[in-house]
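All remarks here apply to the structure that follows.
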Amino acid sequence: VPVEPFDIVVFGATGDLALRKLIPALFHRWCDGQISDDSRIVCASRDSMESSAFQELAATHVITAKTTSERKTSWAEFAARLTYVSVDADSESAGWTDLAAALDPDESKIRLYYLALPPSIYGSICAGLAAHKLNTPNARIVLEKPIGSNYHTARAINDKVGEVFRENNIFRIDHYLGKETVQNLLILRFANYLFEPIWNANGIDHVQITVAESLGAGKRASYYDRSGALRDMVQNHLLQLACLVAMEPPASLDPDAVRTEKLKVLKALRPITAANVSQDVVRGQYQSGAVDGETVPGYAEEVGHASQTETFVGVRAHVDNWRWAGVPFYLRTGKRMAARRSEIIVQFKPIPHDVVGATEGAMRPNRLVIRLQPDEGVKLMLMTKDPGPGGLRLRYVPLNLAYAEHFDHDYPDAYERLLMAVVRGNLSLFMRRDEVEAAWRWVDGIIQSWEDSQSKLYGYQAGTDGPTQSALLLAREEREWFDGL
Ligand code: BG6
């Protein structure tokens, strides 16, 4: 369905995110007829270059070996629509006037200002937009994560942006909320009767959330080395996933109804302190090893110096409310792990009484496996009788909903979906100010505790599931990490 005509300015257009994700997302939505020809795409950054040079640069990222010949032909037409302007946020450069000239003079048109920039510049860009009267009535600002590097910096950024844009025009991206399978979490929970009555401490033993990547810090090492896995992944993606699993049913999918319920989860997270951090959190850093059959260097070697930055975090978290009393949420994420795999596993309670008299270990509790990527799908593990003669033998088998088998269409990338959601003004897929700040408060507690207790950084070999200490988080409670099945 086409969206209303809009103008978008991508700040940081020569950066990795814009070139790898945003320009391709706009291109694909345009190819599919969702973006009309009276929309304008303006690409801005500090570098000075002609639009034609930018178009060539963008082509090297959009056109890959996998691009169909049809899309290659469309690219030429799309690329011609990309206007480049050079703007320096920190100076009174002529760029701002060029930017204004590149936009539709119709002040009632929807405008998106996408800040694919380090958060330290968000304030000055907003001030520049205001000074040049570019914050028109229908202007929306899109902020990439991380919003700050702790609670205080996040607040300062939110204050600065808030001086220019109203909260309802601020779209804070967490691209995980744009993933098809993540959106399905709400549907799975609230459009089925089956789960909700047992979706609590009576029915659920524990929850595991894993976001594993096989890639290393790569080209983003200079950002990543200042950030680490806790700030880069847990503060946003993993906590958002935990919120969607743990939240109370909202009255509707109205953005504030959903976001208020997520906020309550974040506020109910039990603080991690120096007293419990070594029991509840494991931090690790990858060392050289083999990933996908290829030998890769360790993190320190990649960044070129010894570093205390974690590339793996495992956390045993608790949501201290009635629904989740005593149910641990185990979260883990890491780079250079065995495989790229993101999933949520909900382990239900064991049955109260075994009428079968199964041999030890044969009876296993139900498990819901929500595979976010790759091989998207949902599996519900059930006990079943092994068919055939020869007595009553039990099998643990999946009811299996593999997206690839059931749905025959390609679904758009998260950024494609989120950009269109901004144009439509659908805030429910974006983080509200108080959510971001509450997530930082909890994460700040972990960072402070690491400092106070001089917590250890464990090495792990690239291509593995992280440091062996991560298994202990669960083993202490006689549990283990599951992978998929
Ligand atoms: C980003 C992080 O937000 O998410 C990256 O900054 C990470 O470090 C990426 O690689 C993972 O996203 P995806 O969609 O590939 O799972």
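The values are calculated or read from the model by the stated rules, or taken from the named source; none is laboratory data. The structure presented is a predicted model; accordingly, all values stated were derived computationally and were not measured. Don't worry about glycine lacking a Cβ; one is built from the backbone with ideal geometry, like all the others, and counts go over all protein chains shown. We work out accessible area using only protein heavy atoms, side chains counted, and drop any ligands, DNA or RNA first. Shrake-Rupley method; radii C 1.70, N 1.55, O 1.52, S 1.80 Å.
Details
- Those residues of the range 449-485 which are in a loop (DSSP other than H, G, I, E, B) and closer than 30 Å to Met383 by Cβ, in sequence order: Asp465, Arg476, Glu477, Glu478, Arg479, Glu480, Trp481, Phe482, Asp483, Gly484, Leu485
- Of the strands (runs of 3 or more DSSP E) contained entirely in the range 238-337, those carrying at least 2 residues that are within 19 Å of Arg476 (Cβ to Cβ) fall at 281-287, 312-318, 328-334.
- Candidate set: the range 144-174, residues that are aliphatic (A, V, I, L, M) and over 18 Å from Leu419 (Cβ atoms); chosen: the one farthest from the ligand (Cβ to nearest atom): Val164
- Checked against (1) touching a helix residue (DSSP H, G or I) at 6+ places or on another chain (Cβ under 8 Å); (2) under 16 Å from Arg231 (Cβ atoms); (3) not hydrophobic (A, V, I, L, M, F, W, C), Gly178 passes all but condition (2).
- Some residue of the range 347-359 being open to solvent by 40 Å² or more (accessible area, probe 1.4 Å) and hydroxyl-bearing (Ser, Thr, Tyr): yes
- Sub-7 Å Cβ pairs linking a first residue in the range 441-454 that is of a type in the set (Asp, Glu) to a second residue that is part of a helix (DSSP H, G or I) and open to solvent by less than 40 Å² (accessible area, probe 1.4 Å), at least 6 apart or interchain, are Asp444/Tyr151, ordered by first then second residue.
Results for (1) within 16 Å of the ligand (Cβ to nearest atom); (2) without any contact (Cβ under 8 Å) to a residue 12 or more places away in the chain; (3) within 23 Å of Ile209 (Cα to Cα), shown as yes or no for each residue.
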| position | (1), (2), (3) |
| --- | --- |
| Thr333 | yes, no, yes |
| Ile345 | no, no, yes |
| Pro350 | no, no, yes |
| Gly357 | no, yes, no |
| Arg364 | no, no, yes |
| Arg367 | no, no, yes |
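- Taking the range 132-231 and the strands (runs of 3 or more DSSP E) fully enclosed by it, the elements with 1 or more residues that are open to solvent by 20 Å² or more (accessible area, probe 1.4 Å) are at 139-143, 204-212.
- Test for Ile141: is it free of Cβ contacts under 8 Å to residues at least 60 places away in the same chain and in contact with a Pro (Cβ under 9 Å, 6 or more places away or on another chain): no
- For the residues Ser252, Ser222, the requirement of being over 22 Å from Ala201 (Cα atoms) and within 16 Å of the ligand (Cβ to nearest atom) singles out Ser222.
- Filter result for Leu244 (at pLDDT 95 or above, hydrophobic (A, V, I, L, M, F, W, C) and within 16 Å of the ligand (Cβ to nearest atom)): yes
- No other residue among Thr333, Thr273, Thr295, Thr311 is crowded, with 23+ Cβ neighbours inside 10 Å, polar (S, T, N, Q) and out of contact with any Leu (no Cβ under 8 Å at 6 or more places or on another chain) apart from Thr311.
- When the range 328-342 is filtered for residues that are within 17 Å of the chain's Cα centre (by Cα) and under 12 Å from Gln285 (Cβ atoms), the ones remaining, listed by number, are Gly334, Lys335.
- Those residues of the range 191-218 which are within 17 Å of Asn366 (Cα to Cα), more than 16 Å from the ligand (Cβ to nearest atom) and of a type in the set (A, V, I, L, M, F, W, C), in sequence order: Leu194, Phe195, Ile198, Trp199, Ala201, Ile204, Val207
- The range 392-422, residues that are open to solvent by less than 60 Å² (accessible area, probe 1.4 Å) and without any contact (Cβ under 8 Å) to a residue 24 or more places away in the chain: Val397
- Members of the range 430-474 found to be of a type in the set (Asp, Glu) and surrounded by fewer than 16 Cβ atoms within 10 Å (Cβ to Cβ), listed by number: Glu451, Asp452
- Selection over the range 347-398 of residues that are in a strand (DSSP E or B) and of a type in the set (A, V, I, L, M, F, W, C) gives a count of 12.
- Here Ala257 passes the criteria (1) within 16 Å of the ligand (Cβ to nearest atom); (2) open to solvent by 10 Å² or more (accessible area, probe 1.4 Å); (3) hydrophobic (A, V, I, L, M, F, W, C) except the one numbered (1).
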